[in-house]
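Structure, as structure tokens:
The values are calculated or read from the model by the stated rules, or taken from the named source; none is laboratory data. Just so you know, these numbers come straight off a predicted model, no measurement behind them. Because the Cβ atoms are built from the backbone with ideal geometry, glycine has one as well, and the counts that use them run over all protein chains shown.
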Amino acid sequence: MAVRTTSSIPAERPAAPAKQAQPPGRGAAFWLLLIPSAVWLVLLLVLPVLLMLLYSMRAETRGSLLEAFTPTLDHYAGLLARGSYWRLLLTSGLVALTVAACATLLAYPLAYFLAFRAGSRAGLYLVLLLVPFWTSYLLRVMALKIMLGSSGVVNGALASLGLIDEPLTFLLYNRTAVTITLIYVWIPFIALPILAALQRIDLALIEAAADLGAPPRQQFWRVTLPLSAPGVLAGFFMVFIPTVGEYVTPAFVGGSSGLLYGNIVQDFFTKTANWSLGSAMAMIMLATTILLVLLAARLVDVRKLVG
């Protein structure tokens, strides 16, 4: 009787793929690029904010910052007790929200045209879009101030057409003029991140929507707009955040009735030389802006928009 034996030797497992070794010098190149940028960021952003925080807790500005002092929150308590500063901060936030929203709505069609309709001339139109950046910011604001003035281009054109008998006064030296000027200044800036987001959209997705019977309007609302939402939100916040503390444009075209929160902070640093109170106001504005951005990030989930 033959005995049938079976081999107890397990089958050989396939060898695990060898890990690809990183190219030599890649890690060193990463740190070489990261360290200078990090040092630059710390020196020009983090350190100034920390110094301003220290100034805000000084009872007075006299003396060196390195001298020993007793930290106090009196400036913050005084600002919290004054409703006028909070109303002005709220007004600045509303102006920044209006500017960011209007600039986004006006910049989106421009970016859409460059991404999908400009064709071979897209490069030329992009250069024309960037032309305002070649000019000084102050010169652009002053040019718009001349255009919106009582004897400026806008009032002159309306008067020559017989549409008005007297110059329009609401176009200058008020918050309306500040809002119009800031929208004009920010439109080219906010169009760039929207354009970048639109250019990353795979055209095959739009073609697939068309093949499934979606009309152009539905293709835009269901495909193009959700996929470009990250660029829209990035551009919106890139405009909203610096506009909250804007003080140059209100000083030129706002007049006494168009001042914003940033103008009061500037006055404490330049005119009254009260750096402690100005620093406290700046820190309150910074904290408020960060809270607003975090709240918006919680309410608007970019991943859900894209999905």
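Going through the range 228-267 one residue at a time, which ones are touching a residue at least 40 places away in the same chain (Cβ under 8 Å) and among the β-branched types (Val, Ile, Thr)? Val232, Val239, Ile241, Thr243, Val244, Val248, Thr249, Val253, Ile264, listed by residue number.
Residues of the range 255-275 that are of a type in the set (Ser, Thr, Tyr) and touching a Leu at 6+ places or on another chain (Cβ under 8 Å): Tyr261 alone.
If Thr61 satisfies every condition in (1) hydroxyl-bearing (Ser, Thr, Tyr); (2) surrounded by 14 or more Cβ atoms within 10 Å (Cβ to Cβ); (3) assigned to a helix (DSSP H, G or I); (4) at pLDDT below 90 but one, which is the exception? Evaluating Thr61 over (1) hydroxyl-bearing (Ser, Thr, Tyr); (2) surrounded by 14 or more Cβ atoms within 10 Å (Cβ to Cβ); (3) assigned to a helix (DSSP H, G or I); (4) at pLDDT below 90 leaves (3) as the failure. Scanning the range 156-203 for residues that are under 28 Å from Pro109 (Cα atoms) and more than 23 Å from the chain's Cα centre (by Cα) yields Ala157, Leu158, Phe170, Leu171, Leu172, Asp202, Leu203. For Tyr55, the stated conditions do not hold, so it cannot be described as of a type outside the set (A, V, I, L, M), within 29 Å of the chain's Cα centre (by Cα) and modelled with pLDDT of 90 or more. Out of curiosity, is Leu88 under 18 Å from Asn274 (Cβ atoms), touching a residue at least 60 places away in the same chain (Cβ under 8 Å), under 26 Å from the mean Cα position of the chain (by Cα) and surrounded by 14 or more Cβ atoms within 10 Å (Cβ to Cβ)? Yes. For the criterion of being closer than 28 Å to Leu260 by Cβ, surrounded by 12 or more Cβ atoms within 10 Å (Cβ to Cβ), at pLDDT below 90 and not aromatic (Phe, Trp, Tyr), Thr98 fails.
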